[in-house]
Amino acid sequence: MPNPTDPRRQSLRRMQWFAIALLLASLGGLLLSHGMGGQGGWGWLRAFCEASAVGALADWFAVVALFRHPLGIPLPHTAIIPQSKERIADSLADFVRDHFLDPATLLAKLAVLDPAQRLGVWLRDPARMALWAQQAQGVALGLLNVFDDARMQRATLELVVAQAWRWDAAATAGEVLGLLTQDGRHNELLDAGLVKLGEYLAQDEVKAAVSQLLQKHVRKEWPKVVGLVDAVASTAKLADSMAEKLSASALDELREVLAQPAHPARLRYEAWLADYITRLRDDPALRQACDDLKERALTDPAVRQFVASLWTDIRQLLQADLSDPQSAIARNLQAALGAVGERLASDTSLREAINEHVMAAAGQLALSLRTGVTTHIAQTIKAWDDRQLVQELELSVGRDLQFIRINGTLVGGLAGLGLHALVVWLA
């Protein structure tokens with residue numbers, strides 16, 4: 001329903017009445033000049049009013065014909081807008097597509113914008129970052145407070161448990177291990193582990209611990225041998241020597257494994273890992289063992305209690321920090337955003353990389369939006385009610401169109417004076 005208090009409607013009505021008043025004045029002047037004989041000065045008035053009335057009526061017809069049939073008579077080429085609604089919808093949709101969603105145009109504007117540089121400028125603004133951190137702090141605190149509700153906690157737990165029951169743990173483990181072993185990544189992990197193990201075995205503290213274990217074991221198992229050894233030399237020195245030799249032997253073996261890509265130990269490791277991944281995917285017994293382990297974890301009250309208490313402790317810590325105006329999380333977030341801004345300001349290659357990715361994503365987005373947005377605009381306009389469409393357009397541009405009627409009245413009158421002057425001059 002139209003809103004009678006809409007200021008656009010009131011302004012339109014004022015302009016319409018003003019145009020009608022000019023038309024009535026022209027008709028009145030025409031009748032008066034005709035009644036006075038139309039000679040002399042009355043002839044000039046008659047010429048002005050006659051042409052003015054014709055111009056006013058012609059422009060009234062033109063303006064009204066845009067929106068509806070004049071006087072309700074379905075004349076050809078009237079009610080142009082409602083009659084051409086579908087064509088207008090398609091044309092408008094194509095216009096938006098070609099001028100606003102053209103990938104080349106969008107990317108050209110985006111390139112000038114330099115998104116990475118602007119992002120860096122924004123992130124280096126302390127006031128803006130403080131505001132963003134404060135807003136993020138409020139949102140995070142609100143989300144945590146939602147989970148204070150026992151009903152939300154219960155629903156969340158039920159959802160997580162239900163998803164866990166459907167989770168194929170063995171298959172996931174197999175996929176993860178397959179990803180980790182792709183392109184020889186597992187060898188890098190093995191090498192890193194062997195290096196760390198070598199560093200550990202080379203430590204004096206480790207050698208001393210091994211020596212003590214050897215002494216303890218020998219004294220317990222072979223006390224007579226210990227007495228005989230002590231009579232000749234120190235048991236401790238012998239144990240230290242053995243520990244040193246064991247460490248050296250182990251380090252030599254580790255170096256060989258690290259130096260030889262085809263070392264038997266490395267090959268056994270690769271074979272075992274490949275077999276285990278295959279079994280995770282195909283061995284029913286191993287898959288059942290994984291499912292049994294998952295079931296025990298899900299049904300064990302102790303596990304549930306531990307998870308619940310852990311979540312409660314974490315949530316309370318987060319709530320306490322986020323409730324503090326001097327929140328450490330908010331400060332760290334602000335500092336991190338500022339650091340990103342500084343890095344963007346100083347690292348040209350990073351800005352170029354970000355801009356390249358943004359441009360590529362924008363190009364793909366523009367291509368995907370072109371068809372969808374164009375179709376949406378066209379379908380939306382076509383679905384509008386004809387009367388509502390006419391009313392909305394008339395309220396938007398109808399006031400300006402009334403100036404066509406006003407100008408037609410005045411220009412028509414001036415044209416009539418000009419023609420009358422020409423007639424008088426020719427006579």
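The values are calculated or read from the model by the stated rules, or taken from the named source; none is laboratory data. What you see is a predicted model; the values in this text were computed from it and never measured. So basically every Cβ, Gly included, is an ideal-geometry build from the backbone, and we count neighbours across all protein chains shown. Note: accessible area is taken over every heavy atom of the protein model, side chains too, but ligands, DNA and RNA are not part of it. Shrake-Rupley method; radii C 1.70, N 1.55, O 1.52, S 1.80 Å.
Of all residues in region 55-105, those satisfying the criterion of being hydrophobic (A, V, I, L, M, F, W, C), under 46 Å from the mean Cα position of the chain (by Cα) and more than 15 Å from Arg405 (Cβ to Cβ) are Ala79, Ile80, Ile81, Ile88, Ala89, Leu92, Ala93, Phe95, Val96, Phe100, Leu101, Ala104.
Where helices (runs of 4 or more DSSP H) fall entirely within region 22-138, those with at least 1 residues that are modelled with pLDDT of 85 or more are at 41-67, 85-100, 115-123. Count of region 243-259 residues, restricted to those that are in contact with a helix residue (DSSP H, G or I) (Cβ under 7 Å, 6 or more places away or on another chain) and at pLDDT 70 or above, is 0.
The set of residues in region 326-342 that are touching a residue at least 40 places away in the same chain (Cβ under 8 Å) and either of a type outside the set (S, T, N, Q) or closer than 15 Å to Asp125 by Cβ (or both) comprises Ile329, Ala330, Arg331, Leu333, Gln334, Leu337, Gly338, Val340, Gly341, Glu342. Inspect all residues belonging to region 350-362 and state whether any of them is within 30 Å of Phe61 (Cβ to Cβ) and touching a residue at least 60 places away in the same chain (Cβ under 8 Å). So far as region 350-362 goes, no, none of its residues is within 30 Å of Phe61 (Cβ to Cβ) and touching a residue at least 60 places away in the same chain (Cβ under 8 Å).
For first residues located in region 274-299 and under 15 Å from Leu177 (Cα atoms), partners that are in a helix (DSSP H, G or I) and among the polar types (S, T, N, Q) and lie 6+ apart or on another chain with Cβ distances below 8 Å form the pairs Ala274/Thr181; Ile277/Thr181. Yes or no: region 54-62 includes at least one residue that is surrounded by fewer than 17 Cβ atoms within 10 Å (Cβ to Cβ) and over 21 Å from Asp386 (Cβ atoms). Yes: region 54-62 contains one or more residues that are surrounded by fewer than 17 Cβ atoms within 10 Å (Cβ to Cβ) and over 21 Å from Asp386 (Cβ atoms). Among what's in region 7-37 and is open to solvent by 50 Å² or more (accessible area, probe 1.4 Å) and in contact (Cβ under 8 Å) with a residue 40 or more places away in the chain, pick the residue that is farthest from the chain's Cα centre (by Cα). Top of the filtered list is Phe18. Residues that are under 22 Å from Ala308 (Cβ atoms) and either surrounded by fewer than 15 Cβ atoms within 10 Å (Cβ to Cβ) or among the basic types (Lys, Arg) (or both) are absent from region 174-181 altogether.
Might you let me know whether region 272-286 holds any residue that is touching an Asp or Glu at 6+ places or on another chain (Cβ under 7 Å) and modelled with pLDDT of 70 or more? The answer is no, given that none of the residues of region 272-286 is touching an Asp or Glu at 6+ places or on another chain (Cβ under 7 Å) and modelled with pLDDT of 70 or more. The residue list Arg9, Arg14 contains one member that is modelled with pLDDT under 85 and over 20 Å from Gly418 (Cα atoms), which is Arg9.
Every condition in (1) open to solvent by 60 Å² or more (accessible area, probe 1.4 Å); (2) closer than 23 Å to Thr181 by Cα; (3) among the basic types (Lys, Arg); (4) more than 39 Å from the chain's Cα centre (by Cα) holds for Arg266 except the one numbered (1).
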